[in-house]
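The structure appears below as structure tokens.
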Amino acid sequence: MSTPLALTDVTVITADRDGTVLPGTTVLVDSTGTIEHVGPAEQVQVPTGYRRIDSAGRFLLPGLINAHAHLFSDGKPLPPVLLSERAEKAVTVFFRSPPGKRYLKARTKKAVLTQLKTGVTTIRSLGDAGYEGVAVAGEIDAGDYLGPRLLVSGPLLAVSGGHGVPQIALVSDNPWDARRNVRINLRHGVSAIKISATGGVTDARTVGEAGRPQMTEEEMRAICAEAHNAGVLVAAHAQSKEGILAALRAGVDTIEHGATLTGEIIDLFHTNPLALHGRSALVPTLQACLPLVHLDPEVTGINAVNRANAEIVLEEMLAGLRTAVENDVTIGMGTDSALTFVTHYNTWRELDHLVRHGGLSPAHAVHLATQANAELLGLRQVTGAVEEGLSADLLLTDSNPLEDLRTLSSPRAVVARGQLVDDLVVETFDEIDAALEQI
Ligand SMILES: [Zn+2]
């Protein structure tokens, strides 16, 4: 139970695709954290006992949903010495040791709270080192502290030598072992499943490896069947059309990053008989690639192979996004936080990139980060809009985000499940922010 709230005389951003706003609105939040009433300010009586937040001149939108996050790091570039094969093994050994697990859990907690303080009230983590995200989600659910709603995958599932191996993946090389790894993750309490359908930019050793198919359709089909039995959605890292097609045929629910989409792929997004909800969605993550391509490698600290792969992947991802928009494929918003130059406080930049580089309107970008993400994560009955009956996950801003997305970076107030987040101060990295301004 929390103190009921009244946000009075505010302009509600409904977060529909057209950018509909409701000026002069009062929103009541009851003591269970549910949006109780949304109505014209002059008609709504604020009941006694409600904490009144005078919001005249301000804007209220649904809390943001980040459909693709990692929580094990903070976005600062890794020192090059850590990128060697030997260092990768040492890091993996550390991650699995008791001090390593404590370190990861502390980092994860800080990461989710940083996202919360900057307006993200729901996070799907897709690729953790272990089960530290499950532990943090458990603490939040137990009420130990106020945090965002978390869906967490635990380690992602990959093939031998595949994307994310060894640091953040469980390995299998046939369908039955792939099923076993799903069962292991489910037993640990995960609420999402993530697979590496293709190679990725961060750990590719040759140019062109990033989108190369890694997991077979047969293996992914086994994973999807097992996860869907438990009602859990499957996300696939896929950075080529071959990888996307195999993943969709196997029943994958969300394609992460994406690439050029063919007619066959578009049809499968719209109607996917093996997906949990009968259709699939695309979650591009522009922040993961744009800085690597547009900034000097001296600044980002990446090598020539990573840079070349990032260029290929970015071009493919943008092509996929454009085709998806034209063909009304369901799209979501994810940041790929924790990767190089993707901090936990810069979620607004993904929306900005979707507008500048993806050609979306600001209203469309806000829609993806709220209602559309809630829908594709199966949470539309829970969150993602300022509507009666939904969880009070809210973000109050000083200016209109549909005119100035940057206002999302410094919210006036954040409400998570009906509770005001009282401290909105986060640690920021000046050098990263200065470089990102150059893009
Ligand atoms: Zn990722």
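The values are calculated or read from the model by the stated rules, or taken from the named source; none is laboratory data. Source: prediction; values computed, not measured. Reconstructed Cβ throughout: ideal geometry from the backbone, glycine too, with neighbour counts over all protein chains shown. Remember, those area values only see protein heavy atoms, side chains included, never the ligands or the DNA or RNA. Shrake-Rupley method; radii C 1.70, N 1.55, O 1.52, S 1.80 Å.
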Leaving out same-chain residues fewer than 8 places away, which aspartates and glutamates sit with a Cα under 15 Å from that of Lys110? Asp74, Asp128, Glu132, Glu139, Asp144, Asp423, Glu427
The correct pair for the range 323-439, radius of gyration to one decimal and Dmax as a whole number, both in Å and from Cα atoms, is 14.9, 43
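With a Förster radius of 22 Å, plug the Cβ-Cβ distance of Asp328 and Glu403 into 1/(1 + (r/R0)^6) and report the FRET value to the nearest 0.05. The partial results should precede the final answer.
On the way: r = 26 Å, r/R0 = 1.17.
About 0.30, to the nearest 0.05.
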Could you list the residues of the range 206-229 with an amide nitrogen less than 19 Å from a label point located 7 Å from the Cα of Ser160 in the Cα-to-C-beta direction? 213-220
Given the -39500 (n - 2.57) contribution per DSSP H run of 4+ residues, what per-residue ellipticity at 222 nm results for the chain, rounded to the nearest 500 deg cm²/dmol? -9500 deg cm²/dmol
Spin-label point model (7 Å from Cα, Cβ direction): what's the Thr271 to Gln419 distance in nm? 4.6
By average Cβ neighbour count within 10 Å, what is the ranking of 310-316, 197-203, 418-424 from highest down? 197-203, 310-316, 418-424
Once you've got the Cα coordinates, tell me which of Lys89/Lys194; Lys117/Lys241; Lys105/Lys241; Lys76/Lys109 are over 27 Å apart. Lys117/Lys241; Lys105/Lys241
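Give, to the nearest whole percent, the P(r) tail of the range 1-115 beyond 25 angstrom, counting all Cα pairs. Write out the running numbers ahead of the final one.
Details: 3270 of 6555 pairs.
In whole percent, the share of Cα-Cα pairs in the range 1-115 beyond 25 Å is 50.
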Take each of the peptides 50-57, 148-155, average the number of other beta-carbon atoms within 10 Å over its residues, and list them starting from the highest. 148-155, 50-57
Cα centroid separation, the range 121-156 to the range 385-415 (Å): 22
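Using a probe radius of 1.4 Å on heavy atoms only, what accessible surface per residue do you get for the range 64-376? Whole Å² is fine. Each step should come with its number before you reach the end.
Details: 11060 Å² over 313 residues.
Spelled out: the 1.4 Å probe surface of the range 64-376, per residue, equals 35 Å².
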Out of the DSSP beta bridges found with both residues in the chain, what percent are antiparallel (nearest 5)? 40
When the Debye formula is applied to the Cα atoms of the chain, each taken as the same point scatterer, what base-10 log of I(q)/I(0) results at q = 0.08, 0.11, 0.12, 0.13 Å⁻¹? -0.41, -0.79, -0.95, -1.11
Using a 1.4 Å probe on the protein heavy atoms, what percent of the accessible area of the chain belongs to carbon and sulfur? 51
Can you tell me the mean projection area, over all orientations, of the convex hull of the range 17-80's alpha carbons? Units nm², please. 8.2
Just order 211-224, 111-124, 131-144 by mean Cβ neighbour count inside 10 Å, highest at the front, would you? 111-124, 211-224, 131-144
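Taking each full run of DSSP H in the chain as one helix, which ones are at least 27 Å long along their axis (Cα atoms) and have mean Kyte-Doolittle hydropathy of at least 1.0?
Working: long enough: 98-117 (29 Å, -0.95); 304-326 (33 Å, 0.36).
TM-like helix candidates: nothing returned.
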